[in-house]
Amino acid sequence: MPDRDPPASTPEPLLSARGIAKRYGAVRALEEASLSVRAGEVVALLGANGSGKSTLGKIITGITRPDAGTLTFDGAPLHLSEPAQARRRGITAVYQELSLVPDLSVAENVWLGHEPVRRGGIDRRTMKGRTAELLASFAGVFSVPVEPDTLVDSLPPSERQLVEVVKALAWRPRLLVLDEATASLDARQVDRLFELVRGWREGGMAVVFVSHRMNEIFRVADRAVVLRNGVTVGERRIGEVDEQELVQLMTGGGAVAAIALEGHDAPGAAAAPPGATEAPVVLELRRFASGVVAPLDLTLRQGELVGVGGLQGQGQSRLLLALFGAVPHQGEVRLEGAPVAFRNPRQALRAGVAYVPGDRNREGLLPVRPILENLQLPNWRRYGTPLRMERARRDAAAVVADLDVRLASLDEPVANLSGGNAQKVVIGKWLSRRPKLLLLDDPTKGVDVNAKAELYRLLARLQAQGTTILFHSSDDAELLGLCQRVLVMQDGRVTATLEGDTLDQRHLVAAAMGAQGAGAA
Amino acid sequence: MSRVPPAAVALLLSVALFFLAGLVQPNFVNAAQAINIVRLAAFLGIIAAGQTLVIISGGEGIDLSVGAVVTLGAILTFMISGGSSERLWLALLVVLAVGAAIGLVNGLGIVFVRIPPLVMTLGMAGVVQGTILAVTRGNIPGGVPRALANLVTGRFLGVPGAIYLWALLGLLMWFVLQRTRYGRELFAVGVNRRTAALSGVNVSGVVVLTYTLSGLLAALGGLLLLGFTQRVFLTLGETYLFPSIAAVVVGGTVLAGGRGSYFGTMAGALVLTMTESLLRSMRIGEAYQMIVFGAILVVLLSVYGRQRERE
Ligand SMILES: Nc1ncnc2c1ncn2[C@@H]1O[C@H](COP(=O)(O)OP(=O)(O)OP(=O)(O)O)[C@@H](O)[C@H]1O
Ligand SMILES: [Mg+2]
């Protein structure tokens, strides 16, 4: 394929990786991957879930050693046997799976392994001071207060993600890999991050940027490198390519790509059930409150897909958790007319409610257990005693095929999956249940374009079968494309309900930022 | 390059140790000796069954009351049956009920009062030991039912009953862990309780049931042990406490929870018993035995740890 167009008259790359290969047992994570980045350049690394992006990132930063291939940095061959070496050379990364220690404070995490010392001891004052300076670059976009002394465990996923960025910056990198660092950030946080990235680029930093949100690629990158099944299949300047071409490169072209695009642009909007207002009421909330979530009233009808938006951490996750019975709540809840008060998720499940958590590593996965067990965890009851394992396996295989999870075998631990594929497992365990009410907390985090389209189609199918869906997303495009109605939350309150004419990007942003008059409160 | 499961490593090690013993003590390697060692391992293995479940359940799970409950199981059998085989059934029922009740209290304390397992079960061990002492004042009337002795020591095809019972328990434990909802949920609870709860698992129920089973299995172990020792004394079970934990760990069950198997524990029990017999036959003192045990633990754990890193 004539896919490579080496840009003319360019300086030496800061980093170049050629012919990189890496296998895990029978799985070829990378076969023939190449990537080069110049100082002062932002390169987007694109590819479907499991195409090898994170693996390549880990090889560049010395976490993983390649089986074959060469790395050069600053004109000299680079041999890394551990991450510390890479960091000393000025190469750091924000990894997809967050690496913070929950029991330590923000400052302790940021300086872990290179604490400032004075007179033989850790210099806590300097450590805090410099952390505060670094945190200041995100001032105003944190959804909860983040101080150097804040315990990481108390932070929501978006803030932990920003702390990861700060932690990488503390090493003063010359090359920074951002592996899906935006996946759990809201619009405002992404804006700030991009402002910073542009600043770093000015300062001569090289950035490798991985994201499944195509619009971000076009906003921040200078060049895109595309991986498919572990092979670098193409390289494009951002100014000379459109989204469709990139998606085609990622997927290998053909019909799949077409569906993916359709799904991305206007997912499921056509699936609005006619006459939805006459459909029976499924969920009715009266003065429902929980923790930061201020009392709210809400009515959801059968087959409706209602979005919950706003900046990250405004109480959206808490609202969903409370509806699922995982945290206490006040007020009235009626499910299909009958009053209910779930005291734990089990009761909610039995009543036909399902929930996809927003934090896959802490709430959604059993990393060391096989994929099969992860998918069937809520469902074992259905397989009798003794458990009919063949049937459980067949059903799991069907879900895996439905979501196109790339795996070697159902018996492999879920920790071996790529981030996006692991997320599909978190969603997949509920798919065979046909819930009455499905609560989704940012379910497409790190999921690739194709799989997103597949998920949207599944949601439409569930809707058609009468499932009511309450859907929180940090991706505005997704809310606008999927939902007939979007509740915007700010500070625990529903400050706007957008539908019909008001359901567009402008109103959504305005409502999220707290501007008045965006819609009826 | 596939990974060898820890259970297989431990099993191979015990076989290797057996033949190694032959080099040091030529008269050590024969069928009778092998059977004898497996029989000794059977009691440890049975007593460590509950420990396996508790350790898999995670949350710093450990049951330090098994020693005391083994003693109690043996003493109750001794006293209730009074040596009569007809009353063995009654003894069995009481022993199982009392063991389960003790485990239930452990579980409730750990789950609902949030007492750390180490503290709760250690306290329970003290309470049980103390109660035995206070009630019996060291004077324990009773006897060993002949039926029990026959069941445990009687031979079928040259193999003592204890070994058949152990094999049966092995199958039962495999079934419980691999083919019941409880087993699957136990592993999930051991890995991540939050994920388990959000997936509809009754986490409290699973943990309480696990400690209850541990108490029940330890008491059953005490009953069977009586058939072997033919006498009771106040420290009967105590000697099994540390080995019951060591057997689980040597068998590859992870102390952090969520991973392991009872076959591993069985192999672990063989390794420990094997080593002990060998050292004893070489007239190596108890202090050195302990050093060797410690060394085996450290070496095996680092081997398993390294394998996991490669995963
Ligand atoms: N430690 C591991 N053991 C076994 N297989 C692995 C391991 N790490 C990655 N893989 C496999 O290598 C392939 C590439 O994974 P990688 O994480 O690099 O994908 P990715 O492009 O980052 O995907 P995503 O977009 O989902 O994050 C996947 O098929 C994955 O299952
Ligand atoms: Mg990845």
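Some points to look at:
This table checks each residue for (1) within 23 Å of B:Ala97 (Cβ to Cβ); (2) of a type in the set (Ser, Thr, Tyr); (3) within 14 Å of another protein chain (Cβ to nearest Cβ).
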position	(1), (2), (3)
B:Val113	yes, no, no
B:Gly183	no, no, yes
B:Ala197	no, no, yes
B:Gly205	yes, no, yes
B:Gly215	yes, no, no
B:Leu220	yes, no, no
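- One residue from A:Leu311, A:Leu319 being buried (at least 16 other Cβ atoms within 10 Å of the Cβ), within 24 Å of A:Ala477 (Cα to Cα), in contact with an Asp or Glu (Cβ under 8 Å, 6 or more places away or on another chain) and away from every other protein chain (no Cβ under 14 Å): A:Leu311
- Count of residues meeting criterion [in contact (Cβ under 8 Å) with a residue 24 or more places away in the chain and closer than 19 Å to B:Ala34 by Cβ] in segment B:148-160: 5
- Qualifying position, being at pLDDT below 95, basic (Lys, Arg) and part of a loop (DSSP other than H, G, I, E, B), among A:Arg160, A:Arg188, A:Arg172: A:Arg172
- Any hit, segment B:252-262, residues being at negative phi and part of a helix (DSSP H, G or I): yes
- Elements of type strands (runs of 3 or more DSSP E) in segment A:1-83, at least 2 residues being on the phi > 0 side of the Ramachandran plot and modelled with pLDDT of 95 or more: none
- Answer from B:Ile75, B:Ile37, B:Ile56 - the residue that is among the aliphatic types (A, V, I, L, M), buried (at least 19 other Cβ atoms within 10 Å of the Cβ) and under 21 Å from B:Leu186 (Cβ atoms): B:Ile56
- Selection status of A:Leu100, within 30 Å of A:Leu155 (Cβ to Cβ), surrounded by fewer than 21 Cβ atoms within 10 Å (Cβ to Cβ) and modelled with pLDDT under 95: yes
For every residue, the table says whether it meets (1) at positive phi; (2) among the hydroxyl-bearing types (Ser, Thr, Tyr); (3) in contact with a Leu (Cβ under 6 Å, 6 or more places away or on another chain); (4) within 9 Å of chain B (Cβ to nearest Cβ).
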| residue | (1), (2), (3), (4) |
| --- | --- |
| A:Phe288 | no, no, yes, no |
| A:Thr299 | no, yes, no, no |
| A:His329 | no, no, no, no |
| A:Glu332 | no, no, no, no |
| A:Glu336 | yes, no, no, no |
| A:Leu365 | no, no, no, yes |
| A:Glu373 | no, no, no, yes |
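- Out of A:Gln330, A:Gln347, one residue alone is among the polar types (S, T, N, Q), out of contact with any Asp or Glu (no Cβ under 7 Å at 6 or more places or on another chain) and free of Cβ contacts under 8 Å to residues at least 24 places away in the same chain. It is A:Gln347.
- If only residues of segment A:40-63 that are in contact with a helix residue (DSSP H, G or I) (Cβ under 9 Å, 6 or more places away or on another chain) and more than 14 Å from ligand 2 (Cβ to nearest atom) are counted, the one that is nearest to A:Phe73 (Cα to Cα) is A:Gly62.
- Any chance A:Glu164 is under 27 Å from A:Ala86 (Cα atoms), within 16 Å of ligand 1 (Cβ to nearest atom), in contact with a His (Cβ under 8 Å, 6 or more places away or on another chain) and not hydrophobic (A, V, I, L, M, F, W, C): no
- Scanning segment A:209-222 for residues that are surrounded by fewer than 23 Cβ atoms within 10 Å (Cβ to Cβ), outside any helix (DSSP H, G or I), at pLDDT 95 or above and assigned by TED's automatic domain parsing to the domain that holds A:Glu115 turns up at least one hit.
- Residues of segment B:78-101 classified as over 17 Å from B:Thr212 (Cα atoms) and either in contact with a Phe, Trp or Tyr (Cβ under 7 Å, 6 or more places away or on another chain) or buried (at least 23 other Cβ atoms within 10 Å of the Cβ) (or both), total: 3
- Output for segment A:412-442, where each listed residue is more than 13 Å from ligand 2 (Cβ to nearest atom), small (Gly, Ala, Ser) and assigned to a loop (DSSP other than H, G, I, E, B): A:Ser432
- Looking only at segment A:84-128, residues that are touching a helix residue (DSSP H, G or I) at 6+ places or on another chain (Cβ under 9 Å) and part of a helix (DSSP H, G or I) come to 9 in all.
The values are calculated or read from the model by the stated rules, or taken from the named source; none is laboratory data. On a predicted model such as this, the values are computed, not experimentally measured, just so you know. In this analysis, Cβ positions are derived from the backbone assuming ideal geometry, glycine residues included, and neighbour counts consider all displayed protein chains.
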